[in-house]
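Everything on this sheet refers to the single structure shown next.
Just so it is clear, none of the values below were taken in a lab; they were calculated from the coordinates. None of these values were measured; they are calculated from a predicted model. Cβ: placed from backbone, ideal geometry, glycine included. Neighbour counts: every protein chain shown.
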Amino acid sequence: MPIDTTTRTIEIECLRYDPQTDTEPHFSSYQVPFSDDMSVLEGLQYIKDQLDGSLTFRWSCRMAICGSCGQEVNGVPVLSCHTFLRDYFPHKLRIEPLNNFPIIRDLVIDQNDFLDKLESVKPYLVTKLEKPLAAGPHLQTPQQLNRYYAYSQCINCLLCYAACPQYGLNSDFTGPAALALLHRYNADSRDQGWQVRAEVINADAGVWGCTLVGYCSEVCPKAVDPAHAINQNKVNSAMDFFGVLKLMNKGGTE
Amino acid sequence: MSRYRSTAKTAARTYMQPMAGWWTKNPYFVRYMVREGSALLLTAYALVLLVGLWRLSQGAAAFDAWRAALASPLSVVFHAVGLVMVVYHSYTWFDVMPKTAPDQPIDPKLITGGGIAAAVAVSVLILAALLWGAP
Ligand code: SF4
Ligand code: FES
């Protein structure tokens, strides 16, 4: 299908919040001319360049890989560079910052809580012994790669946290992406870190904080399926509790 | 307190959106709440059956009284709503099953479909056995 380059106009409503003057957010509405190939992010950039330079939002790669541009569009968490204005026309768009995070300004949220959680799951290979360089590369079979590959595709965009009411209700919950990354390393044949990550995974705020709402996996732009990563680990966590993991010699590093 | 510091000078005055009414804001969450809520009806139905068992232990007269109570219009409505909810609950149960299973090389739809097929088959069998056994 040839791209329609004729210009139409769409209404974009943006949440605005200026911490220096506002006590709570309000909405501003803009009329944005767009062509078929324009993303929601490009709509926001048009507003910033042509209509209101004070509108604040995050973005970087414009190609769904940096994870910076997450927004709520009509209440659904999306990557704004990966979502097109034409799909909303003739209706208007209501753009808000990602749910469940403190708003710093306009569409920009504070991600620090997630960074703490990411760090807590030790998202790197934990091994019993340092393998000497001379021993050569650590080979994996395609099956071993498959066990964690999907979970390693996370771009830390936080759409899943915005989609998670349990995180919204209790921000102690480690949350979808961090737990999916925890599983990504536990599932790696080169890793022996189950025990050092056990405290996080077994906690009430770990996998047991999830009630399988499942919306995180729906909104994930990288098909990471955090709900699956978390819920299959309820079995592992229970087996760890009863000492079965140790018997199966899956305990890893003490 | 996060050990990460925001680079924004005004980050001290952030705004947190309220959670009140969160589940009404997205149809996905409404379905989730119905799924969880349907478990309450399941429990209520199980309690009704338990009462029946208890009445049975008290003799034929008590059991017949319990059965008569079940025939009241209120009870029929309760059972009709209960049936719909139990069917929906079973569907959602199999719907989330692939998420609770370890990584499988097969299509998750097969796990869900297989579970539903098994539930339907068992229900039909039990129903057939009941009708067969009924005087
Ligand atoms: S799991 Fe998916 S939605 Fe969540 S942060 Fe990673 S890429 Fe984004
Ligand atoms: S701008 Fe990088 S993911 Fe959208």
Task: Dipole magnitude (debye, nearest 20) for the protein assembly as shown, charges at Cβ of Lys, Arg, Asp, Glu - done: 740 debye
Open item on the list: If each DSSP helix of 4+ residues adds -39,500 (n - 2.57) and the sum is divided by the residues in chain A, what number results at 222 nm, nearest 500 deg cm²/dmol?
Closed with: -8000 deg cm²/dmol
TODO: Sequence neighbours fewer than 8 away in the same chain don't count; with that in mind, list the aspartates and glutamates whose C-alpha is under 12 Å from A:Lys117.
DONE: A:Asp172
TODO: Between beta-carbons, use under 11 Å as the cut-off and find the net charge around B:Tyr91, counting Lys and Arg +1, Asp and Glu -1.
DONE: +1
- [ ] Let me know the shape class of the range B:6-135, please: from the alpha-carbon gyration tensor, a ≥ b ≥ c as square roots of the eigenvalues, rounded when a/c is under 1.5, otherwise prolate if a/b is greater than b/c, or oblate.
- [x] oblate
Task: For the range A:8-109, share of DSSP beta bridges that run antiparallel, in % to the nearest 5 - done: 85 percent
Open item on the list: Suppose each label sits 7 Å from its Cα in the direction of the beta carbon; what would the B:Trp54-B:Tyr88 distance come out to in nanometres?
Closed with: 2.8 nm
TODO: Give me the compactness ratio for chain A, meaning the Cα radius of gyration over 2.2 N^0.38 Å.
DONE: 1.18
TODO: In nm, give the distance between the simple-model label positions of A:Ser60 and A:Asn74, each being 7 Å from the Cα along the Cα-to-Cβ direction.
DONE: 3.0 nm
- [ ] Assuming R0 = 30 Å, can you tell me the calculated FRET efficiency for the pair A:Phe89 and A:Thr21, based on Cβ-Cβ distance, to the nearest 0.05?
- [x] 0.35
Task: Cross-link pairs A:Lys92/B:Lys109; A:Lys131/A:Lys222; A:Lys131/A:Lys246 - those with Cα-Cα distance over 29 Å - done: A:Lys92/B:Lys109; A:Lys131/A:Lys222
- [ ] State the antiparallel share, in %, of DSSP beta bridges confined to chain A, rounding to the nearest 5.
- [x] 85 percent
- [ ] Note the angle between two axes, namely the Cα long axis of helix B:108-133 and the longest principal axis of the Cα atoms of chain B, as a number of degrees from 0 to 90, rounded to the nearest 10.
- [x] 20 degrees
Open item on the list: What does the extension gain come out to for A:Glu119 and A:Thr6, with contour length at 0.36 nm per residue minus their alpha carbon separation?
Closed with: 35.9 nm
Open item on the list: Placing +1 on the Cβ of each Lys and Arg and -1 on the Cβ of each Asp and Glu in the protein assembly as shown, which of A:Asn236, B:Tyr28, B:Ile106 has its Cα farthest towards the positive end of the resulting dipole?
Closed with: A:Asn236
Open item on the list: How shielded is A:159-167 by partner chains, expressed as the average number of their Cβ atoms within 10 Å of its Cβ atoms?
Closed with: 1
Task: FRET efficiency, 1/(1 + (r/R0)^6) with R0 25 Å, evaluated for B:Ala134 and B:Leu47 via beta carbons - done: 0.50
Open item on the list: Please compute, for peptide A:14-20, the average count of beta-carbon atoms on other protein chains lying within 10 Å of each residue's beta-carbon.
Closed with: 3
Task: Cα lying deepest toward the dipole's positive end in the protein assembly as shown, options A:Pro33, B:Leu47, A:Pro221, charges on Cβ - done: B:Leu47
